[in-house]
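Visitor: This is the structure I want to talk about, given as structure tokens.
The values are calculated or read from the model by the stated rules, or taken from the named source; none is laboratory data. Here the structure is a predicted model, which means the values were calculated and not measured. Glycine gets a Cβ as well: all are built from the backbone with ideal geometry, and neighbour counts include every protein chain shown. Heads up: the accessible areas ignore ligands, DNA and RNA and are worked out on the full protein's heavy atoms, side chains in. Shrake-Rupley method; radii C 1.70, N 1.55, O 1.52, S 1.80 Å.
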Amino acid sequence: MDTLATARHFAADILAHRNKLAGKAEDAARVQFALRQVSKTLHDQHDAHKRETDVVLSHWKGKASEEFERTTARLRKDIRLTADASAEAERIVARVTSTVDGGHTAVRRLADEYIAKAKKLLDDATAVGSRAAMATAIAAAADLAPRYTKQSAATLRKVNGELGDAAGKLRSLRKELRHDGVAEREVGDHHGAGHGKPDKTTPSKATSRGQKAVSAARKELGTRENPPGSNRNPYGPTAAWCSSFATAMWRKAGVDIPILPFTGDVYRWGQRHGKAYGRNSLHDAKPGDVLLFGTGPQSPSTSTHIGIVEKVEGNKVTMIEGNSGDAVRRNTHTLSGSTFYGGVRP
């Protein structure tokens, strides 16, 4: 018996709660990042507009200049109001991002704790070697699951409640905002992109999804976690984020996959969907595939990193990788089973 697989089977609901929270963390982090950029851009625009207006008015006097000064002052006020509203929205989302991150971490720990306990029960029964011992262990593992599932479900409900409260605050903020249309264009556009929702048009061929994934990943090159060393990133929860980045790019390409912060879960997803391949098939890797670093999907110590294939040339593979030196970077590796244990097609 594969005791780890059996333990994970009993933990299916807990793992589902964990993955939902990972997806919500991705959404919140992206919206927060976008709002921060909008606020900074508008504040910079406000200051630049003031400087340029002062230069013009220093050389222009008269009634026309007075009207120009009043008009530009109104415009600057509207820009400033929009910028301040974006900053306040970013603070609201930052608080909920922290809640979602905390919820995801708590449920991830619950899942790890339950799986470890259930696996030990099954391993001990396997060592005894009797059917009676195994039946007893399976029953004990099954009986143990509801308590952990109840805790993970409660955490998910709490996070959903916080998200609802934050959405209400954002709606109120929008109603209070006086603007000249800038907020609608800037905040609205980034908000939509920030949710990281996949394209609803599912390509008919994996190669098309792969090309879209590579294109999406290229646009992210240079993106860094902020602040450095914090693991805070715009793709998923505050944790090692190479896998969050890879699955976020796949979602952009239309792949129906949750944000999976653990690289081994990406490989298991590929196995369930008939898209995974082992180290003996690495030279079949195509752009948009992901390759898994390490020796196997069992744990973070054996499945250590992940990247999106950009191109394969002979025995060299160029990949776009999240959390590579705290940033999204392009790296080239030898296409070897000693480096990668397998890959997954989008």
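Visitor: Say whether the condition of being free of Cβ contacts under 8 Å to residues at least 12 places away in the same chain and either of a type in the set (S, T, N, Q) or part of a loop (DSSP other than H, G, I, E, B) (or both) is met by at least one residue in segment 284-292.
Guide: Within segment 284-292 (the criterion being free of Cβ contacts under 8 Å to residues at least 12 places away in the same chain and either of a type in the set (S, T, N, Q) or part of a loop (DSSP other than H, G, I, E, B) (or both)), the answer is no, since none of the residues qualifies.
Visitor: Here is a follow-up. Within segment 251-269, work out how many residues are open to solvent by less than 10 Å² (accessible area, probe 1.4 Å) and within 27 Å of Glu90 (Cβ to Cβ).
Guide: Matching residues across segment 251-269 total 2.
Visitor: For a quick check of your reading of the model, give me the residue pairs whose first member lies in segment 148-161 and is aromatic (Phe, Trp, Tyr), whose second is crowded, with 20+ Cβ neighbours inside 10 Å, with beta-carbon atoms closer than 6 Å and at least 6 apart or on different chains.
Guide: These pairs meet every condition: Tyr148/Ile14; Tyr148/Leu110; Tyr148/Tyr114.
Visitor: When you go through Glu313, Glu321 one by one, which is the residue that is out of contact with any Pro (no Cβ under 6 Å at 6 or more places or on another chain) and modelled with pLDDT of 95 or more? Give the steps one after another, and end with the answer.
Guide: Values: Glu313 fails: modelled with pLDDT of 95 or more.
From the options Glu313, Glu321, the qualifying one is Glu321.
Visitor: While we're here: Within segment 325-344, how many residues are within 12 Å of Ala246 (Cα to Cα) and not in a strand (DSSP E or B)?
Guide: Qualifying residue count for the region: 1.
Visitor: Quickly run through segment 125-172 and pick out the residues that are open to solvent by 40 Å² or more (accessible area, probe 1.4 Å) and of a type in the set (Ser, Thr, Tyr).
Guide: If the condition is that a residue be open to solvent by 40 Å² or more (accessible area, probe 1.4 Å) and of a type in the set (Ser, Thr, Tyr), then Thr126, Ser130, Thr136, Ser172 are the ones that fit.
Visitor: Looking at the structure I just gave you, is Ala116 small (Gly, Ala, Ser) and at pLDDT below 85?
Guide: Numbers: small (Gly, Ala, Ser): yes; at pLDDT below 85: no.
The answer is no for Ala116.
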